[in-house]
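What follows is a short report on a single structure.
The values are calculated or read from the model by the stated rules, or taken from the named source; none is laboratory data. Note that the structure is predicted; figures quoted are calculated from it, not measured. Using ideal geometry, Cβ is built from the backbone for each residue, glycine included, and neighbour counts are taken over all protein chains shown.
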Amino acid sequence: MKVLVIGGGAREHALCRSLSLDPDVSALYCAPGNAGIAEVAELRPVDALDGDAVCALATELGADLVVVGPEAPLVAGVADAVRAAGIPVFGPSGEAAQLEGSKAFAKDVMAAAGVPTARSYVCTTPEEVDEALDAFGAPYVVKDDGLAAGKGVVVTGDLAAARAHALGCDRVVIEEYLDGPEVSLFAITDGVTVVPLQPAQDFKRALDGDEGPNTGGMGAYSPLPWADPKLVDEVMELVLQPTVDELRHRGTPFSGLLYAGLAITSRGTRVIEFNARFGDPETQVVLARLRTPLAGVLLNAANGTLDAQPELRWSEDAAVTVVIASHNYPETPRTGDVIEGLDEVAAEDAPDAYVLHAGTRREGDAVVSAGGRVLSVTATGSDLAQAREKAYKAVARIRLDGSQHRTDIAAMAAGRP
Ligand code: AMP
Ligand code: GLY
């Protein structure tokens, strides 16, 4: 099978790494990719937002499967263009991707499907904003309605800051604050059958102890030793299957990866958000534990044959990933800094620990930073404590001027039985 992956972050590196280990994959391409992905896939340049260009590339390569990684091309309808050309594609249509592209659309789907989520108001005027902030009280949760790369959400006790963020958005969702630990649960679906993956936890804030601004994600781990073993079944029944059914009944079936961001509150599990693609950095730890070869699962979803998919197999190992971000992330990250130590990790720590590239590019012989999140250092071990130790040992070998990472990824969970 020839597979073309669209995107160029750590999620796509994790996908390409798994696909490159799949004996059914005879050729693997990634467009546009990055310096790390180049080691496991052949890179091609493409404007990932241009459906016709992606289609032309897939046709030229004779791709049997196209996997669209990031949300922006999905929302732009790139999967529709590929599907229309008769090429199997893993990723929802532009309409179904509105589940991520519009918080208001997601709330509407959840209301119709009876999916538990935070109570919310959609506001377009300053008066509506004030009423909604007043109705819920502090802490305030204010969400830009559109795509914002994980940075459109402000959670604050400061009314003036909440108001300022809301007034800077055209349309804004203001909602009830959900207390409790967060879980990311991914499911692969063909629009009818839903296959859950293993849950993971992401660290959204920039600094240790969940301080600092929201980011795209600073680290993740899986499994969750503290979670109720029935969590996956419960979320399947209350959230994932009803959402997939609702979108199918609306005539916009969702096929691809449905990501449920959940809060485990004292009053039960609630959806914080949906995403229409693999999450980053959770994908790095979830795929590190998946034993079933990936390509066949994604192809079954693309072809509408997931009902024939044998049960997924998982490693007993735990996985931890630690994101190394550039100077000044998430504000205005500095790029172009040389990254050193990658060879040392490959020589000393592989295969238990390895570096997935997020924002990197090659400059002559050097690999340099090219984005806010630069690397995602991933490790597996017999438990979270061991995976964590291996991940941080590898992190310590990486040298990148001005870089930052959290030191507490999976720390609390590793201390639990
Ligand atoms: P989102 O982009 O909707 O996932 O929001 C980003 C982050 O903001 C989430 O991962 C949560 O940490 C936080 N957040 C979002 N919505 C809520 C909420 N209703 N209550 C508490 N925290 C929230
Ligand atoms: N880990 C958060 C996201 O992918 O949106």
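Find the residue count for the stretch 306-358, including only residues that are in contact with a helix residue (DSSP H, G or I) (Cβ under 8 Å, 6 or more places away or on another chain), assigned to a loop (DSSP other than H, G, I, E, B) and farther than 11 Å from Thr378 by Cα.
Looking only at that region, the number is 6.
Going by the conditions given, is Glu311 farther than 27 Å from Ala391 by Cα and at pLDDT below 95?
No.
Might you let me know whether the stretch 54-63 holds any residue that is in contact (Cβ under 8 Å) with a residue 60 or more places away in the chain, assigned to a helix (DSSP H, G or I) and either hydroxyl-bearing (Ser, Thr, Tyr) or over 30 Å from Val141 (Cβ atoms) (or both)? Lay out the reasoning, then the answer.
Taking the stretch 54-63 as the starting set, the residues that turn out to be in contact (Cβ under 8 Å) with a residue 60 or more places away in the chain are 62-63.
Filter once more, keeping what is assigned to a helix (DSSP H, G or I): none.
The answer is no; no qualifying residue exists.
Would you point out which residue out of Leu306, Leu298 is within 18 Å of the chain's Cα centre (by Cα) and away from ligand 1 (no atom under 16 Å from the Cβ)?
Numbers: Leu306 fails: within 18 Å of the chain's Cα centre (by Cα).
The conditions single out Leu298.
Could you tell me whether the stretch 20-29 includes any residue that is touching an Asp or Glu at 6+ places or on another chain (Cβ under 9 Å), of a type in the set (A, V, I, L, M, F, W, C), without any contact (Cβ under 8 Å) to a residue 60 or more places away in the chain and over 14 Å from Arg361 (Cα atoms)?
yes
For the stretch 152-172, name all the residues that are within 16 Å of ligand 2 (Cβ to nearest atom) and either acidic (Asp, Glu) or more than 28 Å from Trp226 (Cβ to Cβ) (or both).
The answer is Gly152, and nothing else.
When you scan the stretch 192-199, do you find a residue that is within 16 Å of ligand 2 (Cβ to nearest atom), part of a strand (DSSP E or B) and under 15 Å from Pro281 (Cα atoms), even just one?
no
Just to check your reading of the model, which residue among Pro225, Pro253, Pro213 is surrounded by fewer than 17 Cβ atoms within 10 Å (Cβ to Cβ) and more than 16 Å from ligand 1 (Cβ to nearest atom)?
So the residue among Pro225, Pro253, Pro213 that is surrounded by fewer than 17 Cβ atoms within 10 Å (Cβ to Cβ) and more than 16 Å from ligand 1 (Cβ to nearest atom) is Pro225.
Go through the residues of the stretch 113-125 one by one and say whether even a single one is aromatic (Phe, Trp, Tyr), touching a Phe, Trp or Tyr at 6+ places or on another chain (Cβ under 9 Å), in a strand (DSSP E or B) and within 16 Å of ligand 2 (Cβ to nearest atom). Working first, answer last.
Pass one, the stretch 113-125, residues aromatic (Phe, Trp, Tyr): 121.
Narrowing the set further to residues that are touching a Phe, Trp or Tyr at 6+ places or on another chain (Cβ under 9 Å) leaves 121.
Pick out the ones that are also in a strand (DSSP E or B) and you get 121.
Remaining after also requiring within 16 Å of ligand 2 (Cβ to nearest atom): none.
Checked the stretch 113-125: no residue is aromatic (Phe, Trp, Tyr), touching a Phe, Trp or Tyr at 6+ places or on another chain (Cβ under 9 Å), in a strand (DSSP E or B) and within 16 Å of ligand 2 (Cβ to nearest atom).
Please count how many residues of the stretch 153-170 are of a type outside the set (Gly, Ala, Ser), crowded, with 16+ Cβ neighbours inside 10 Å and more than 25 Å from Arg267 (Cβ to Cβ).
Of the residues in that region, 3 qualify.
Just to be sure I understand, how many residues within the stretch 277-293 are within 10 Å of ligand 2 (Cβ to nearest atom) and farther than 17 Å from Ala387 by Cα?
Of the residues in the stretch 277-293, 4 are within 10 Å of ligand 2 (Cβ to nearest atom) and farther than 17 Å from Ala387 by Cα.
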